[in-house]
Amino acid sequence: MATSSGKQINMFGVYGLNLKIEEGDIKIELAGDGKEKNYFRKVGDESVEKKIYADRGEIIVSPVPPVNLPVNVSNHLMIEFDKSIFIEPGVEQKIFIKFPLEIGVFLSDEKDVEPFDIFTKTKLKYTLYGRPEDGFVCRWWKSEVYEKIPSIEKLYEGVIELKIKNNYNEWTEINKIVFNTINMKIFYKDYAYCSANLEIVKKSIGKTYFNEKIEGMKGAVDLYLAKSRKLGISLVKEIEKEFFMERGFK
Amino acid sequence: MTIWDILKYKIAGIEIEAILKFIGAILIIVIVAKVVRINIRRGLKDKLPDATVKNFEKFAYYIIIIIGFVASLSIIGISLSGLLVAGGILGIVIGFASQTVVSNLLSGIFLVIERPIGIGDAVRIEDVDGIVEEIKILSTTIRTWDGIYARFPNEKVFTSKIYNYYSSPVRRFEYKIGIRYSDDANKAIDIIKRVLEEHPFVLKQPEPIVFVDELGESSVNLSVRIWAPSAVWFSVKTEMLWKIKVALEKEGIQIPFPQRVIWMAK
């Protein structure tokens with residue numbers, strides 16, 4: 001249940017400065033008279049309280065890339081498949097996998113979008129992709145591989161539509177995929193959704209990237225742009241559209 | 001009087017044409033120096049602290065101006081040979097006097113090029129542990145773990161053995177945990193693995209390893225090897241040992257005190 005002066009009645013969306021959202025064991029509430037508002041959020045046993053002073057502005061509840069909790073140590077997400085898949089040379093195949101959901105609550109006005117609370121219901125675990133001396137720390141998640149959009153617990157997981165194209169001249173076995181989340185374009189209706197690609201270019205080398213538009217879905221708030229604005233820096237140089245998986249797919 | 005005549009007119013023995021050429025050359029040198037300065041600023045601003053970038057850009061700017069100015073003097077007929085002799089002698093004097101400074105300066109440049117350390121890295125230099133706060137053109141500053149600032153001349157940094165704890169994305173640490181001989185070591189290993197699995201930053205891969213390492217005098221010693229992201233390595237290390245101890249004791253496995261069995265003669 002979500003009630004507010006918001007424009008959309010589900011968990012994700014834009015709300016006014018008085019809101020009350022209750023979905024499963026998630027409770028978000030912003031209430032108060034005048035400029036002083038009290039923010040309260042509870043997920044399971046964890047609760048957070050903050051004060052906000054505002055008389056205009058909005059609250060945005062949006063999925064964010066799942067690399068912020070408990071603290072941000074990485075911008076990479078690894079999804080391990082429950083079983084290996086094999087792709088024939090030249091073949092293009094679409095599959096669906098699930099990713100762990102982190103939910104961000106943002107304060108917004110005409111000039112600024114400010115993240116002020118991020119939470120998740122998922123188990124947090126990190127791993128290393130590559131070698132200890134030059135690999136990438138990644139948020140780790142395990143997913144089954146689906147042929148069509150799977151049913152999900154929408155406040156727990158999102159769906160990635162993954163197009164795999166084998167441009168290499170040998171059969172390729174894949175049991176994990178790594179993304180750079182700085183360019184992770186998340187969309188939502190009542191659940192989070194991404195469209196991504198893996199192009200196998202050589203033996204054990206592939207590039208992954210996200211598609212920037214999905215018809216009929218609303219784009220999530222770009223957490224990195226919000227953060228960069230807060231820090232007064234430009235992330236333009238740091239945003240790389242593709243991540244090269246150079247340490248294999250197994 | 002034509003323009004040509006005006007250009008040939010002499011002021012203090014120097015033709016106006018030569019003076020104009022000299023001014024033009026200086027203007028070009030200043031423009032070149034400014035362009036170099038801007039490019040140095042843009043190229044290094046994300047890699048080095050502001051103070052170091054300013055030092056570099058100023059250094060490059062004035063070196064170009066001085067060299068350009070001296071080279072342009074020949075346009076207005078000032079001979080460089082006298083300057084070179086005087087400059088040579090002065091250079092030798094300054095060279096001897098500033099050996100250390102130059103050595104530190106060159107070491108600073110090589111530190112920037114080779115980048116064995118960066119701002120914010122946790123390092124050990126000459127038995128001093130801490131975080132790199134600044135890499136200036138002549139010196140490097142380390143903030144030790146107890147908050148004291150240690151300044152190293154760059155020559156010292158460059159020629160010392162440097163341990164950079166942050167240059168790898170992950171880092172391993174180890175605990176030795178003793179359990180009683182009467183306890184089930186396999187059960188203890190399972191419990192420890194369960195505790196490790198619960199922590200987000202105990203990495204899934206490389207997998208943590210738990211094994212019986214030694215049959216000690218008073219205990220069976222288990223070795224626990226854990227990989228964690230370098231950025232949070234220390235907090236994971238301080239957190240996990242107590243969690244393991246609590247979990248083991250909850251399951252009835254105890255960490256024994258040193259003990260000795262004495263057999264009494266009848």
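The table for this structure:
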{"read-out": "Sequence-separation-based contact order of chain B, relative, with Cα cut under 8 Å and 6+ spacing, percent", "value": "12"}
{"read-out": "Percentage, to the nearest whole number, of Cα pairs in chain A over 22 Å apart", "value": "56"}
{"read-out": "Cα pair distances exceeding 19 angstrom across region B:170-251, given as percent", "value": "32"}
{"read-out": "Shape category assigned to region B:114-164 from the gyration tensor of Cα positions, a/c cut at 1.5", "value": "rounded"}
{"read-out": "Accessible-area composition of region B:166-266, carbon plus sulfur, in percent [1.4 Å probe]", "value": "55"}
{"read-out": "Region A:84-101 - phi-based ³J(HN,Hα) in whole Hz, Karplus 6.51/-1.76/1.60, Gly and Pro as x", "value": "5, 10, 10, 10, 6, x, x, 8, 10, 9, 9, 10, 10, 10, 9, 10, x, 9"}
{"read-out": "Probe 1.4 Å - accessible area at residue B:23, Å² to nearest ten", "value": "80"}
{"read-out": "For residue A:32, residues with placed amide H under 5 Å, excluding near neighbours", "value": "A:38"}
{"read-out": "Heavy-atom accessible area ranking, 1.4 Å probe, most first, across B:243, A:154", "value": "B:243, A:154"}
{"read-out": "Within region A:72-156, GluC sites (Glu not before Pro) in DSSP loop having at most 12 other beta-carbon neighbours inside 10 Å", "value": "A:110, A:133, A:144, A:147, A:153"}
{"read-out": "Lysine pair count for region B:1-104 [Cα-Cα under 22 Å; pairs on different chains or 8 or more apart]", "value": "10"}
{"read-out": "Centroid-to-centroid separation of region A:83-98 and region B:177-256 [C-alpha atoms, Å]", "value": "39"}
{"read-out": "Solvent-accessible area of residue A:131 with every protein chain in place, 1.4 Å probe, in Å² to the nearest 10", "value": "110"}
{"read-out": "Sequence of B:83, B:90, A:155 when ordered by accessible area, the most exposed leading, probe 1.4 angstrom", "value": "B:90, B:83, A:155"}
{"read-out": "Degrees between helix B:99-114 axis and first principal axis of chain B (Cα, 0 to 90, nearest 10)", "value": "60"}
{"read-out": "For the pair B and A, total buried accessible area rounded to nearest 100 Å², probe 1.4 Å", "value": "1400"}
{"read-out": "³J(HN,Hα), Karplus 6.51/-1.76/1.60, whole Hz, each residue of region B:11-19, x for Gly, Pro", "value": "10, 6, x, 10, 5, 4, 4, 5, 4"}
{"read-out": "Residue among B:142, B:192, B:94 with the largest mean-square fluctuation in a Gaussian network model of chain B, springs linking Cα atoms under 10 Å", "value": "B:94"}
{"read-out": "Loop-located trypsin sites (Lys or Arg not before Pro) in region A:1-97 whose Cβ has at most 15 other Cβ within 10 Å (DSSP)", "value": "A:7, A:35, A:56"}
{"read-out": "Residue A:48 paired with residue A:202, simple spin-label distance in nm, labels 7 Å along Cα-to-beta-carbon", "value": "4.2"}
{"read-out": "Centre separation in Å (Cα based) which lies between region B:16-74 and region A:157-216", "value": "48"}
{"read-out": "Gyration tensor (Cα) of chain B, equivalent ellipsoid semi-axes in angstrom", "value": "71, 20, 11"}
{"read-out": "Given charges at Cβ of Lys, Arg, Asp, Glu: the protein assembly as shown dipole, positive-most of A:191, A:209, B:215", "value": "A:209"}
{"read-out": "Scattering curve values for region B:8-78, log₁₀ I(q)/I(0), Debye with Cα scatterers, q = 0.15 Å⁻¹", "value": "-0.57"}
{"read-out": "Restricting region B:179-266 to chymotrypsin sites (Phe, Trp or Tyr not before Pro) in coil, as DSSP defines it, with at most 11 other Cβ within 10 Å", "value": "B:263"}
{"read-out": "Greater than 25 Å apart at Cα, pairs in A:83/A:163; A:50/A:185; A:163/A:213; A:125/A:250; A:42/B:193; A:27/A:111", "value": "A:50/A:185; A:42/B:193; A:27/A:111"}
{"read-out": "Within straight-line cross-link reach of residue B:245, aspartates and glutamates at Cα separation under 17 Å, skipping those fewer than 8 residues along the same chain", "value": "B:174, B:183, B:184, B:190, B:197, B:198"}
{"read-out": "Helix B:80-97 vs. chain B, principal-axis angle (Cα, 0 to 90°, nearest 10)", "value": "30"}
{"read-out": "Principal axis box of the protein assembly as shown, alpha-carbon based, largest edge first, Å", "value": "111, 86, 64"}
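The values are calculated or read from the model by the stated rules, or taken from the named source; none is laboratory data. As the structure is a computational prediction, the values presented were derived from the model and not from experiment. So basically every Cβ, Gly included, is an ideal-geometry build from the backbone, and we count neighbours across all protein chains shown. Accessible surface is based on the protein model in full, side chains and every heavy atom, while ligands, DNA and RNA are left aside. Shrake-Rupley method; radii C 1.70, N 1.55, O 1.52, S 1.80 Å.
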